[in-house]
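Here is the structure we will look at, set down as structure tokens.
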């Protein structure tokens, strides 16, 4: 039965004669360079040096002797720390053994359950005409044009072009914009703008208040109410292109990558279906991988090293920060309780650590490993995507100590693929056509 914690302690007792020998050596080394008042540099008696530099000598002796004796104890007990042992309860007295406690964490010991032929369920995503039509409609939306409206007021679906000025209720910095397009009735449009600009025509000026929700993306506006004056410069109507061969040819000319180079509507439909089928395979494979790990974790109950959980929480938080930065958002300017956000990652971090430990154990059991050739291939692919040479990337990763982590991740990926191939996968219909 697994122990409730991965924390381990070892009480060390190093013989007094070994402690004295090490103390004498350290004291002599210090005596050669020590500056003691009343003595020329390096000429102070060792006995005086031992008294004057007792604390420094003790620390050096502990750092010199403990690793050697600790390593012997770990070997005898067959323990492999996943964290650097912390030393406490140090008892250092002249003529007595050196006593110290080493505290560390180890990987858990547990019996692997049945991981072969796992039975899992995933969504059977059907790709039909409705999904193809939806994709075509999205392409039409992206190719839409806006034409001036004449002879009628603005209605939902139109975009109203305005010159805007506003002041916050209660005082503050004003808002000014000479040319703003407001899509009426759109999800991203604040309700006050849609309600007050609906029915407007060019030349009108509308005055109204707009209250922004507390979670509004723009922190300068969030939670505030503004009094606006909006001069209507024009009303524009969205025009969607006809869905025909001409539309496909136009798209091929301006966005060839999106149409795959085809020039007829029938061929585009086929291309879209192939793309959706390919996406479906990836989605189902990813979902199967997630279900496999989820099932493995549920089948195994064991403790995990706290240090690995803390590291995983840090990694998840770092990914959030990198995502914000990639979107052009300064994480320091976001009103987020980062400590609370990190704490909320704990359950997921524990699951991630358990999954990694299980994959490592299964890989060992099945003799699955990542080869040097596979590592080089991964480095080359990363270098190509990043626009640098494989040699430069390898040098940087080596300096960062990241090659072992990369090889471990490749090993985990191979193990997940192996589990996927041996699993019994049942697909359940989702109703998506």
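The values are calculated or read from the model by the stated rules, or taken from the named source; none is laboratory data. Only a predicted model underlies this, so the values are computations on that prediction, with no experimental measurement involved. Cβ: placed from backbone, ideal geometry, glycine included. Neighbour counts: every protein chain shown.
Please work out if residue 95 is loosely packed, with under 11 Cβ neighbours inside 10 Å, touching a residue at least 12 places away in the same chain (Cβ under 8 Å) and either closer than 30 Å to residue 21 by Cα or not assigned by TED's automatic domain parsing to the domain that holds residue 235 (or both).
For residue 95, the condition - loosely packed, with under 11 Cβ neighbours inside 10 Å, touching a residue at least 12 places away in the same chain (Cβ under 8 Å) and either closer than 30 Å to residue 21 by Cα or not assigned by TED's automatic domain parsing to the domain that holds residue 235 (or both) - is met.
Can you name every residue in the stretch 414-433 that is in a helix (DSSP H, G or I) and in contact with a helix residue (DSSP H, G or I) (Cβ under 9 Å, 6 or more places away or on another chain)?
414, 415, 416, 417, 418, 419, 420, listed by residue number.
Residues of the stretch 170-198 being touching a strand residue (DSSP E or B) at 6+ places or on another chain (Cβ under 6 Å) and under 30 Å from residue 250 (Cβ atoms), which ones?
Going residue by residue through the stretch 170-198, those that are touching a strand residue (DSSP E or B) at 6+ places or on another chain (Cβ under 6 Å) are 174-178, 180-185, 189-190, 192-193, 196-197.
180, 181, 182, 183, 184, 185, 189 - these are the residues of the stretch 170-198 that are touching a strand residue (DSSP E or B) at 6+ places or on another chain (Cβ under 6 Å) and under 30 Å from residue 250 (Cβ atoms).
Pick from 286, 277: which is modelled with pLDDT of 90 or more and out of contact with any helix residue (DSSP H, G or I) (no Cβ under 6 Å at 6 or more places or on another chain)?
Values: 277 fails: modelled with pLDDT of 90 or more.
It is 286.
Is it the case that residue 201 is surrounded by 13 or more Cβ atoms within 10 Å (Cβ to Cβ), in contact with a strand residue (DSSP E or B) (Cβ under 9 Å, 6 or more places away or on another chain), modelled with pLDDT of 90 or more and not in a strand (DSSP E or B)? Working first, answer last.
Numbers: surrounded by 13 or more Cβ atoms within 10 Å (Cβ to Cβ): yes; in contact with a strand residue (DSSP E or B) (Cβ under 9 Å, 6 or more places away or on another chain): yes; modelled with pLDDT of 90 or more: yes; not in a strand (DSSP E or B): yes.
Against the criterion (surrounded by 13 or more Cβ atoms within 10 Å (Cβ to Cβ), in contact with a strand residue (DSSP E or B) (Cβ under 9 Å, 6 or more places away or on another chain), modelled with pLDDT of 90 or more and not in a strand (DSSP E or B)), residue 201 qualifies.
Tally time: how many residues in the stretch 3-43 are at pLDDT below 70 and under 48 Å from the mean Cα position of the chain (by Cα)?
The number of residues fulfilling the criteria is 1.
Identify, please: which residue in the stretch 361-373 is part of a helix (DSSP H, G or I) and over 12 Å from residue 416 (Cβ atoms) and is, among those, nearest to the chain's Cα centre (by Cα)? Spell out how you get there, then give the answer.
Going through the stretch 361-373, the residues part of a helix (DSSP H, G or I) turn out to be 361-365, 372-373.
Now restrict to residues that are over 12 Å from residue 416 (Cβ atoms): 361, 364-365, 372-373.
Values: 361: 24, 364: 27, 365: 29, 372: 26, 373: 27 Å.
By that ranking, first place goes to 361.
Looking at 426, 388, 384, which is the one that is surrounded by fewer than 15 Cβ atoms within 10 Å (Cβ to Cβ) and either more than 24 Å from the chain's Cα centre (by Cα) or closer than 24 Å to residue 119 by Cβ (or both)? Lay out the reasoning, then the answer.
Values: 388 fails: either more than 24 Å from the chain's Cα centre (by Cα) or closer than 24 Å to residue 119 by Cβ (or both); 384 fails: either more than 24 Å from the chain's Cα centre (by Cα) or closer than 24 Å to residue 119 by Cβ (or both).
Criteria check complete, one pass: 426.
Of all residues in the stretch 145-169, which are touching a strand residue (DSSP E or B) at 6+ places or on another chain (Cβ under 8 Å), exposed (fewer than 12 other Cβ atoms within 10 Å of the Cβ) and not in a strand (DSSP E or B)?
Within the stretch 145-169, the first condition is being touching a strand residue (DSSP E or B) at 6+ places or on another chain (Cβ under 8 Å), and the residues that meet it are 145-149, 153-154, 157-169.
Adding the requirement that they be exposed (fewer than 12 other Cβ atoms within 10 Å of the Cβ) leaves 145, 147-148, 157.
Hit for the stretch 145-169 is 157, nothing else.
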